[in-house]
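Report on the following structure.
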Amino acid sequence: MIFVAGATGNVGSELVRALAAAGTPVRALVRDPDNARLPEGVEAVTGDLNRPETLTGPLTGVRAAFLLSGYADMPGLLAEIRRAGAEHVVLLSGGSAASGDMTNAVTRYMALSEAAVRESGVPWTFLRPSAFMSNALRWLPQIQAGDEIRVPFPDVATACLDPFDLAAVAARALLDDRYQGEILEPTGPEALLPADQVAVLAGVLGRDLRAVGLSNDEARAEMTAAMPVEYVDAFFDFYVNGSLDESVVRPTVLQVTGRAPRTFADWANAHADDFR
């Protein structure tokens, strides 16, 4: 039995489908088990990842677990997983964790989560992916309102990754012990600027979409209205100060899954209805 946290999210939902398709018993942690849309045969359970004591039942009999980073008591959560007898934890982290910069809010919770997993005594695999293609869904309100898409950090290219491919890598890591103790860094097949992504969406949707780059001051003002300032500072550290380079294309998806990662055009065509 494999336990999947965040089972209805962009990555978790794809992972649940991948594991179920492989014939692997899956226990999916969801908020509302009665209404969760899961593949046939997947067991839906509920619990609070910020309160490890609520997961004793859901973790019973689990062989391996897929976790996200940043919960309130990661050591306590890992202790519950170890008590359940799990033999492997695959943690979704991020590339900035490698720097260990505790002054950066995003890096801090990634690094602390990795440290908790390492110290738990449970064999582990860390996933440090590039940015997700699904982040383009944040433009949906603008696309619905008109053809101009305001984008922060317009000069920053990222080798963005389809969550489908990240889930495929996670599934292989969960099913194959050879990845224990490994740090996997999956990326998409090409580095794209925000304007490149907008151009692809324009072609898929048959729209005259145009990317309008924000100045740093404009970007900071818009981001501060939407998230805590410590996270705004973290993204400026990544993309303005250059502490995180997500433009590097790595062969991880091909090496682990045996197939090339999907392009942004592949992702956009698969999700075109989400933008209409």
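With over 17 Å from the mean Cα position of the chain (by Cα), under 30 Å from A145 (Cβ atoms) and not assigned by TED's automatic domain parsing to the domain that holds M102 as the only criterion, which of S243, S215 stands out? Don't jump to the end; show me each part of the working.
Working: S243 fails: under 30 Å from A145 (Cβ atoms).
Checking each option against the conditions leaves just S215.
Hey, could you check region 67-87 for residues that are of a type outside the set (A, V, I, L, M, F, W, C) and more than 19 Å from the chain's Cα centre (by Cα) and say which is surrounded by the most Cβ atoms within 10 Å (Cβ to Cβ)?
At the first step, the residues of region 67-87 found to be of a type outside the set (A, V, I, L, M, F, W, C) are 69-71, 73, 75-76, 80, 82-83, 85, 87.
Those left that are additionally more than 19 Å from the chain's Cα centre (by Cα): 73, 75-76, 80, 82-83, 85, 87.
On the way: D73: 15, P75: 14, G76: 16, E80: 22, R82: 15, R83: 12, G85: 12, E87: 14.
Among residues in region 67-87 that are of a type outside the set (A, V, I, L, M, F, W, C) and more than 19 Å from the chain's Cα centre (by Cα), the one surrounded by the most Cβ atoms within 10 Å (Cβ to Cβ) is E80.
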Of the numbered conditions (1) free of Cβ contacts under 8 Å to residues at least 24 places away in the same chain; (2) in contact with a helix residue (DSSP H, G or I) (Cβ under 9 Å, 6 or more places away or on another chain); (3) not in a helix (DSSP H, G or I), N241 fails exactly one; give the number of that condition. (2)
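Please indicate, with yes or no, whether at least one residue in region 226-234 is more than 22 Å from T107 (Cα to Cα) and among the β-branched types (V, I, T).
Step one: list which residues in region 226-234 are more than 22 Å from T107 (Cα to Cα), which gives none.
No: region 226-234 contains no residue that is more than 22 Å from T107 (Cα to Cα) and among the β-branched types (V, I, T).
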Go through region 48-82 and give me each residue that's under 18 Å from S120 (Cβ atoms), part of a loop (DSSP other than H, G, I, E, B) and of a type outside the set (D, E). L49, N50, R51, T60, V62, R63, S69, G70, Y71, A72
Would you point out which residue out of R172, R178, R250, R220 is of a type outside the set (A, V, I, L, M, F, W, C), in a helix (DSSP H, G or I) and within 17 Å of the chain's Cα centre (by Cα)? R172
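Is it the case that region 17-31 has a residue that's touching a helix residue (DSSP H, G or I) at 6+ places or on another chain (Cβ under 7 Å), in contact (Cβ under 8 Å) with a residue 60 or more places away in the chain and under 24 Å from S130 (Cα atoms)?
Initial filter on region 17-31 (touching a helix residue (DSSP H, G or I) at 6+ places or on another chain (Cβ under 7 Å)): 18-19, 22, 24, 26-29.
Next, only the ones that are in contact (Cβ under 8 Å) with a residue 60 or more places away in the chain stay: 18-19, 22, 24.
Among the residues that remain, those that are also under 24 Å from S130 (Cα atoms) are: 18-19.
Yes, region 17-31 contains at least one residue that is touching a helix residue (DSSP H, G or I) at 6+ places or on another chain (Cβ under 7 Å), in contact (Cβ under 8 Å) with a residue 60 or more places away in the chain and under 24 Å from S130 (Cα atoms).
Among the residues of region 83-108, how many are assigned to a helix (DSSP H, G or I) and within 20 Å of A170 (Cα to Cα)?
First pass over region 83-108, keeping only residues assigned to a helix (DSSP H, G or I): 83, 95-99, 105-108.
Still in the list and also within 20 Å of A170 (Cα to Cα): 95-98.
Residues meeting the conditions: 4.
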Being over 20 Å from the mean Cα position of the chain (by Cα) and among the hydrophobic types (A, V, I, L, M, F, W, C) is the filter here; which residues of region 224-240 pass it? A225, V229, V240
M110, sole failed condition from (1) closer than 23 Å to L19 by Cβ; (2) surrounded by 15 or more Cβ atoms within 10 Å (Cβ to Cβ): (1)
Regarding R150, is this residue more than 30 Å from R83 (Cβ to Cβ) and either part of a strand (DSSP E or B) or without any contact (Cβ under 8 Å) to a residue 24 or more places away in the chain (or both)? yes
Which one of these does V16 not meet: (1) part of a helix (DSSP H, G or I); (2) over 19 Å from the mean Cα position of the chain (by Cα)? (2)
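So if I check each of F153, F132, which one is within 12 Å of the chain's Cα centre (by Cα), of a type outside the set (V, I, T) and surrounded by fewer than 20 Cβ atoms within 10 Å (Cβ to Cβ)? Outline the logic, then answer.
Details: F153 fails: within 12 Å of the chain's Cα centre (by Cα).
Just one listed residue meets the conditions, F132.
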Only one of these is surrounded by fewer than 16 Cβ atoms within 10 Å (Cβ to Cβ), in contact with a Pro (Cβ under 8 Å, 6 or more places away or on another chain) and of a type in the set (A, V, I, L, M): V256, V249, V229. Name it. V249
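Yes or no, residue by residue, for (1) within 17 Å of L78 (Cα to Cα); (2) at pLDDT 95 or above:
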| residue | (1), (2) |
| --- | --- |
| F3 | yes, yes |
| G12 | no, yes |
| V16 | no, yes |
| A20 | no, yes |
| D32 | no, no |
| R37 | no, no |
| E40 | no, no |
| D48 | yes, no |
| G57 | yes, no |
Is there any pair with a first residue in region 258-276 that is hydroxyl-bearing (S, T, Y) and a second that is assigned to a loop (DSSP other than H, G, I, E, B) whose Cβ atoms are under 8 Å apart and which are 6 or more apart or on different chains, and what are they? T263/G188; T263/P189; T263/E190
Given the structure, is A64 outside the structural domain of P228 (by TED's automatic domain parsing), surrounded by 15 or more Cβ atoms within 10 Å (Cβ to Cβ) and modelled with pLDDT under 95? no
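The values are calculated or read from the model by the stated rules, or taken from the named source; none is laboratory data. Quick caveat, the model's predicted, so the values are computed rather than measured. Reconstructed Cβ throughout: ideal geometry from the backbone, glycine too, with neighbour counts over all protein chains shown.
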